[in-house]
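None of the figures in this text is laboratory data; all of them are computed from the coordinates on show. On a predicted model such as this, the values are computed, not experimentally measured, just so you know. For neighbour counting, all protein chains shown are included, and Cβ atoms are generated from backbone atoms with ideal geometry for every residue, glycine included.
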Amino acid sequence: MEREKSSDLLKRIHEEYEVIPGIHNYCDRWCQRCRFCTRCSVYLMEVEEEKFRAENNLPEQDFEESMINILQDTMEMIIEMAAEDGIELSEEMDTELEFFPPRRTGKKHYLFRKADEHSKWLIKWFKENRKKLDTKVKEFSETSKTDFLIFENAIDSLSWYMHFIAVKFSRALLPPYDESPESSYDKNGSAKIAIIATENTMQAISAIISYFPEDEDEFLTALVRLERIRKRALKEFPDAMSFKRPGFDD
């Protein structure tokens, strides 16, 4: 069976499902916990890809293959859309590159530096406490369902948002190409999800701190750092929390 073109697949998904446009742009990518995954075009396209591979006995895509396919499909869709509007894409792209100067990254900004500092600390903490974590998971699974669920949820959250916060702040801090409302819209959306991830991480640390009394000072330091990140982000992006994420804040 021949693979369906991405443009055709996307069109079919929008016809068959009640997709929320743009919902994937400002989510935390945690599909397993998302109540809107069946209304997300990105999730549904991934499901269709897995279904196609299963039906045709194809091996699971590795990361490199997946990225190559995504780029190829994206370029095909861009070319088709441009052709429909009578645009010669190569000429337009040359003009765009001349018009827009390279953007500086936000990696020297306080928010990115501190978020990156948090992720490096957490990587180190997980590495040093792997055996202890495994022991506690086993212990709670046998003695307390409540403790097990609290502990597992907190550890999962810490792992999930470990790099996410820095990545999203980096995007929010990119200088806009122009002063259009669209540019501010994207910055506020990225900042909001980074702030939410910061708050979720603080809640996760607060949930497990009592299980690691020997690491209390480390956790308190982490909480102070995250609270400073949160406050600085709210000051840097005063309109972020009023941003309406498609689906989530409707």
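One quarter of the convex hull surface, Cα atoms only: what value does that give for segment 99-247 in nm²? Walk me through the intermediate numbers first.
Values: hull surface 41.9 nm².
Averaged projected hull area, Cα only: 10.5 nm².
Could you go through segment 114-121 in sequence order and give the Karplus-derived ³J(HN,Hα) for each residue, using 6.51 cos²θ - 1.76 cosθ + 1.60 with θ = phi - 60°, rounded to whole Hz, and x for Gly and Pro?
Along segment 114-121, the couplings run 6, 5, 5, 4, 4, 5, 5, 4 Hz.
First measure r as the distance between the Cβ atoms of E218 and L174, then evaluate 1/(1 + (r/R0)^6) with R0 = 22 Å and state the FRET efficiency to the nearest 0.05.
So the FRET efficiency works out to roughly 0.10.
For segment 110-242, what's the relative contact order in percent, using C-alpha pairs closer than 8 Å and at least 6 residues apart? All intermediate terms of the calculation are to be shown ahead of the outcome.
Values: 109 pairs, mean separation 40.9, N = 133.
After rounding, I find 31 percent.
Could you line up D28, D250 from fewest to most neighbouring Cβ atoms inside 10 Å?
By the 10 Å Cβ count, ascending, the order reads D250, D28.
Past 32 Å, Cα to Cα: identify those pairs from K127/K168; K138/K168; K5/K168; K11/K192; K120/K192, in the order given.
Distance filter (> 32 Å) returns K138/K168.
Hey, with R₀ at 45 Å, roughly what FRET efficiency would Y17 and S242 work out to, going by the Cβ-Cβ distance, to 0.05? Intermediate values should be presented prior to the final figure.
Values: r = 29 Å, r/R0 = 0.64.
Approximately 0.95, to the nearest 0.05.
Using the number of other C-beta atoms within 10 angstrom as an exposure proxy, rank I205, I193, I150, I165 with the fewest first. Provide the component values of the computation, followed by the final result.
Details: I205 20, I193 25, I150 17, I165 28.
Fewest to most other Cβ atoms nearby, the residues stand as I150, I205, I193, I165.
Using per-residue counts of other Cβ atoms within 10 Å, averaged over each peptide, order 196-203, 166-173 from highest down.
Values: 196-203: 19.8, 166-173: 23.0.
Ranking the peptides 196-203, 166-173 by packing returns 166-173, 196-203.
Quick check: pseudo-label points 7 Å beyond the Cα along Cα→Cβ at R130 and R53, how many nm apart are they?
Distance between the two pseudo-spin positions: 2.5 nm.
Suppose the chain between I123 and V137 were pulled fully straight at 0.36 nm per residue; how much longer would it get relative to their current alpha carbon spacing?
Working: separation 14, 0.36 × 14 = 5.04 nm, distance 1.86 nm.
This chain segment gains 3.2 nm when fully extended.
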